[in-house]
Amino acid sequence: MKTLSILLSFLILCFFSINAQNQETDDYVIITTGESFGDIILNKSSVEDVLKKYGEKYKNKEKVWTEHFVGEGYVEVSSNTMLYKKINLIFYFVKQGDKHKNKLEEIIIKSPVKAKTAKGIILGQSTFKDVVDKYGNTFWTYSNKNKRVTKAYKGIKFSASYQKKVKHFDKKEFNEKYYEYVIDRITISMPMKK
């Protein structure tokens, strides 16, 4: 009887331990490269889908310009940026002319949003070294205006902020200095068609 009681206690403990681990990973919104942020899907989700999921407390920025497209001539293009400042999300929609609907082309996810990529990069915890280990090496880009350093891949960009102005690019220095920087922004976008 004592053995059965110990065995039952052990099984219950195992169940709660496994359940707690699953809940911890389930708290993260999954970012799929070039495709989605949770159930918001690039090139498919609408402004209404974003409003339904995240509400109406956002700042809207609109721009309109004209571009020339082969076979279509000059077309009016408009962009609509939905900036959810309190929850650190930005959704970027683009519309070309009257024939096309608003297309969700880019989503910017900023720390401290609890998100991770399908390959396991955790926003606000993983470093550029982790990114290179999971996605491979690619070139560095930086912006002194925005004080951000970035590694870009097809359909996804990882970036972190830095304090001091970069005076010149030195690959060795970047690899030594910035590999340990924690990723505080992930941007997903539609991969460019060839």
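The values are calculated or read from the model by the stated rules, or taken from the named source; none is laboratory data. Note that the structure is a prediction, hence the values are computed from the model and not measured. Cβ: placed from backbone, ideal geometry, glycine included. Neighbour counts: every protein chain shown.
See the values below:
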quantity: Among the candidates Phe174, Phe91, residue that is in contact (Cβ under 8 Å) with a residue 40 or more places away in the chain and either farther than 15 Å from Ile31 by Cα or among the aromatic types (Phe, Trp, Tyr) (or both); calculated: Phe91
quantity: Residue in the stretch 134-155 that is over 18 Å from the mean Cα position of the chain (by Cα), closer than 30 Å to Lys44 by Cα and either at pLDDT below 85 or among the basic types (Lys, Arg) (or both) present; calculated: no
quantity: Residues of the stretch 73-83 satisfying the condition of being of a type outside the set (S, T, N, Q) and surrounded by fewer than 17 Cβ atoms within 10 Å (Cβ to Cβ); calculated: Gly73, Tyr74, Val75, Glu76, Val77, Leu83
quantity: Failed item in (1) farther than 26 Å from Ser126 by Cα; (2) hydrophobic (A, V, I, L, M, F, W, C); (3) surrounded by fewer than 15 Cβ atoms within 10 Å (Cβ to Cβ), with Ile87 passing the rest; calculated: (1)
quantity: Residue match in the stretch 115-131 (condition: touching a Phe, Trp or Tyr at 6+ places or on another chain (Cβ under 7 Å), assigned to a strand (DSSP E or B), of a type in the set (Ser, Thr, Tyr) and at negative phi); calculated: yes
quantity: Hits in the stretch 145-166 - residues which are assigned to a strand (DSSP E or B) and under 15 Å from Val132 (Cα atoms); calculated: Val149, Thr150, Lys151, Ala152, Tyr153, Ile156, Lys157, Phe158, Ser159, Ala160
quantity: Number of positions in the stretch 136-187 that are of a type in the set (S, T, N, Q) and touching a strand residue (DSSP E or B) at 6+ places or on another chain (Cβ under 6 Å); calculated: 6
quantity: Test result for Lys116, among the charged types (D, E, K, R) and closer than 28 Å to Lys59 by Cβ; calculated: yes
quantity: Subset of the stretch 172-194 [loosely packed, with under 10 Cβ neighbours inside 10 Å and farther than 30 Å from Glu105 by Cα]; calculated: Lys172
quantity: Residue that is surrounded by the most Cβ atoms within 10 Å (Cβ to Cβ), among those in the stretch 149-171 that are closer than 24 Å to Glu35 by Cα and without any contact (Cβ under 8 Å) to a residue 60 or more places away in the chain; calculated: Phe158
quantity: Those residues of the stretch 176-194 which are outside any strand (DSSP E or B) and out of contact with any helix residue (DSSP H, G or I) (no Cβ under 9 Å at 6 or more places or on another chain), in sequence order; calculated: Glu176, Lys177, Asp184, Met190, Pro191, Met192, Lys193, Lys194
quantity: Restricting the stretch 25-84 to residues that are among the hydrophobic types (A, V, I, L, M, F, W, C) and outside any strand (DSSP E or B), the residue that is nearest to Lys114 (Cα to Cα); calculated: Val50
